Amino acid sequence: MARQSILSSPSEQPAERPQTWHHPGGKLIELGSHALKQDELLAILIGSGVAGRPALTIANAILDEYVGLYGIHRGATIDDLAKIPGLGRTKAARILAAIELGRRLYKINRPPKIAPKTEEDLFTSLRPPPQPEPQPDGPSDADLLAEIIGSGIRGRPPKVIAKDLLARFDSFLGLFGKDMGDFLRVKGLNSVKVIRIAAAMEIAKRISHAMS
C-alpha cells in the first residue's frame, strides 16, 4: 500500500493525475480520503454489496433516504438503516459507528461556552466545586473502532485490534493525519481494514464540521 495520509489535505496532492483506480478504495489510496464523495466513503464502509446492488448503489440509497451524511447523524437508527436493501445490521452498525466518532470529535473540538459574569461570581470561591455530570452509558472508542474493523484474526478479535490501534496512537484523535502504512503495523489489520478506517475517520471529520 502506498503511504498515504489517512486524512490528507488537497494541497499535499499533485495537481493533475491520471485515474488508475476502479473503486473508491483505490481512489482513497491515490488521492486521499478528502477527495472522496459521500457515496464513495459509505461504499467503502459497506464493503461488498449483494446481487444486483453493488456497494455504491446501496450507499446512494442511504443518501437518498437521509439526504446526506448529516441526515444520517440527525435521524438514522440501526433498525431503519438495516431495512435498506443490501445493507443489514452489521454494515448499518459500521456506518453508525463512524457517525458517532464524528459526534465525539465535535464535542472534543467545540469551543467552551463562557457564561457571563454576575455578582454571584464573587462568592463562587466559597462554594464547593461542582461535581462532573455522570457520563452516559455507551460504546467505548474501542467498541466503535471494532465495529469499523469488522473482523479479526485467530486469537485477536476486532476489539483487541482496536485497543492496540488506540494504544499505539494514544486515542482515536491520534489516528488523524497518520500514514495508512503505519496502521498495518497493528497485528490483525490489512489494507482493506485500514482503508475502511480511513473512510470512517473522514466521515467523522465531515460530521464534526457539519455540527459546528
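Of all residues in the stretch 161-206, those being closer than 13 Å to I29 by Cβ and not in a helix (DSSP H, G or I) number 2.
Is it the case, given these coordinates, that A210 is small (G, A, S), in a helix (DSSP H, G or I), modelled with pLDDT of 95 or more and at negative phi? So A210 does not fit the description; no. With the structure loaded, tell me whether A98 is crowded, with 21+ Cβ neighbours inside 10 Å, modelled with pLDDT of 90 or more, within 20 Å of M201 (Cα to Cα) and not polar (S, T, N, Q) or whether it fails that test. For A98, the condition - crowded, with 21+ Cβ neighbours inside 10 Å, modelled with pLDDT of 90 or more, within 20 Å of M201 (Cα to Cα) and not polar (S, T, N, Q) - is met. Within the stretch 66-94, the set of residues being assigned to a helix (DSSP H, G or I) and within 18 Å of H209 (Cβ to Cβ) comprises Y66, L69, Y70, G71, I72, H73, R74.
Return the total of residues in the stretch 96-112 being without any contact (Cβ under 8 Å) to a residue 60 or more places away in the chain and in a helix (DSSP H, G or I).
As a first pass, look at the stretch 96-112 and keep what is without any contact (Cβ under 8 Å) to a residue 60 or more places away in the chain: 96, 100, 107, 111-112.
Okay, now just the ones that are also in a helix (DSSP H, G or I), so 96, 100, 107.
Going through the stretch 96-112 one residue at a time, the tally reaches 3.
Hey, does the stretch 165-183 have a residue that's surrounded by fewer than 15 Cβ atoms within 10 Å (Cβ to Cβ) and of a type in the set (S, T, N, Q)? Within the stretch 165-183, one or more residues are surrounded by fewer than 15 Cβ atoms within 10 Å (Cβ to Cβ) and of a type in the set (S, T, N, Q).
Taking the options G26, G47, name whichever one is at pLDDT 90 or above, of a type outside the set (A, V, I, L, M, F, W, C), loosely packed, with under 14 Cβ neighbours inside 10 Å and within 20 Å of S191 (Cβ to Cβ). Walk me through how you get there before you give the answer.
Details: G47 fails: loosely packed, with under 14 Cβ neighbours inside 10 Å.
Only one candidate qualifies: G26.
Note on the stretch 159-188: residues that are without any contact (Cβ under 8 Å) to a residue 24 or more places away in the chain and in contact with a Leu (Cβ under 9 Å, 6 or more places away or on another chain) total 5.
The residue that is surrounded by the fewest Cβ atoms within 10 Å (Cβ to Cβ), among those in the stretch 52-72 that are farther than 19 Å from R196 by Cα and in contact with a Gly (Cβ under 9 Å, 6 or more places away or on another chain), is G52.
The values are calculated or read from the model by the stated rules, or taken from the named source; none is laboratory data. Please read these numbers as outputs of a predicted model, since none were measured by experiment. Glycine gets a Cβ as well: all are built from the backbone with ideal geometry, and neighbour counts include every protein chain shown.
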